[in-house]
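To start, the structure under review is shown below, and the notes come after it.
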Amino acid sequence: MSIAVVGIGNILLQDEGVGVHAVRYIQEHYSFSPEIEILDGGTLGLDLLPFIERFEKILFVDAVNFGKEPGYIGVLEDEEIPSLIHMKLSAHHIGLADILSLGRLKGILPKKVCLVGIQPQTNPFLFGTELSPEIKSKMLQFVDEIIKKLREWNVTCVLQSHQR
């Protein structure tokens, strides 16, 4: 079975980049079954469509406005993930909902789509490469939730470094 983990976000905008920071951490500290591919999706937006259509399952990792306290971690699957196209100020504002909406229209979404998200602390338009202290303190819990989902999908996840 082919599975991808895709970190989404802009690492220049503090907590907005948490998805990318999380997948980079996972790449550095874990090894996986051969069928998994990990991608820093950054701000690729719709350019991710040809990539995601190759997989049977895809797990997105991103900052998500759940309307909860900063650091809240949530998991959404398949139709639970909003996929509405909203008006954008520019092409730089294309997000996961837009990618999923167009993927559904084209009929190219994987059989299983999951989003593991964390409620950001900072305003999404504040510049800075560091995560807020609140989100940084939740990073290992966030990573654990991602690994938990992969294990539910029968992916072998082996911690390589005990220096977490």
Taking the range 144-154 only, how many residues are β-branched (Val, Ile, Thr) and out of contact with any strand residue (DSSP E or B) (no Cβ under 7 Å at 6 or more places or on another chain)? 0
Is one or more of the residues making up the range 23-40 in contact with a Leu (Cβ under 6 Å, 6 or more places away or on another chain) and closer than 22 Å to LEU109 by Cβ? no
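I'd like to verify a number: residues in the range 133-143 that are surrounded by fewer than 19 Cβ atoms within 10 Å (Cβ to Cβ) and either touching a strand residue (DSSP E or B) at 6+ places or on another chain (Cβ under 8 Å) or more than 20 Å from LEU39 (Cβ to Cβ) (or both), how many? Break it down stepwise before answering.
Applying the first criterion (surrounded by fewer than 19 Cβ atoms within 10 Å (Cβ to Cβ)) to the range 133-143 yields 133-134, 136-137, 139-141.
Then keep just the ones that are either touching a strand residue (DSSP E or B) at 6+ places or on another chain (Cβ under 8 Å) or more than 20 Å from LEU39 (Cβ to Cβ) (or both); that gives 133-134, 136-137, 140-141.
Count: 6.
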I'd like to verify a number: residues in the range 72-113 that are small (Gly, Ala, Ser), under 15 Å from the mean Cα position of the chain (by Cα) and at pLDDT 75 or above, how many? 1
Within the range 27-74, track down each residue that is surrounded by 15 or more Cβ atoms within 10 Å (Cβ to Cβ), assigned to a strand (DSSP E or B), of a type outside the set (Lys, Arg) and in contact (Cβ under 8 Å) with a residue 40 or more places away in the chain. TYR30, PHE32, ILE36, ILE58, LEU59, PHE60, VAL61, ASP62, ALA63, ILE73
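The values are calculated or read from the model by the stated rules, or taken from the named source; none is laboratory data. Treat the numbers as computed from the prediction; the structure is a model and nothing was measured. Neighbour counts run over all protein chains shown; Cβ positions are idealised from the backbone, glycine included.
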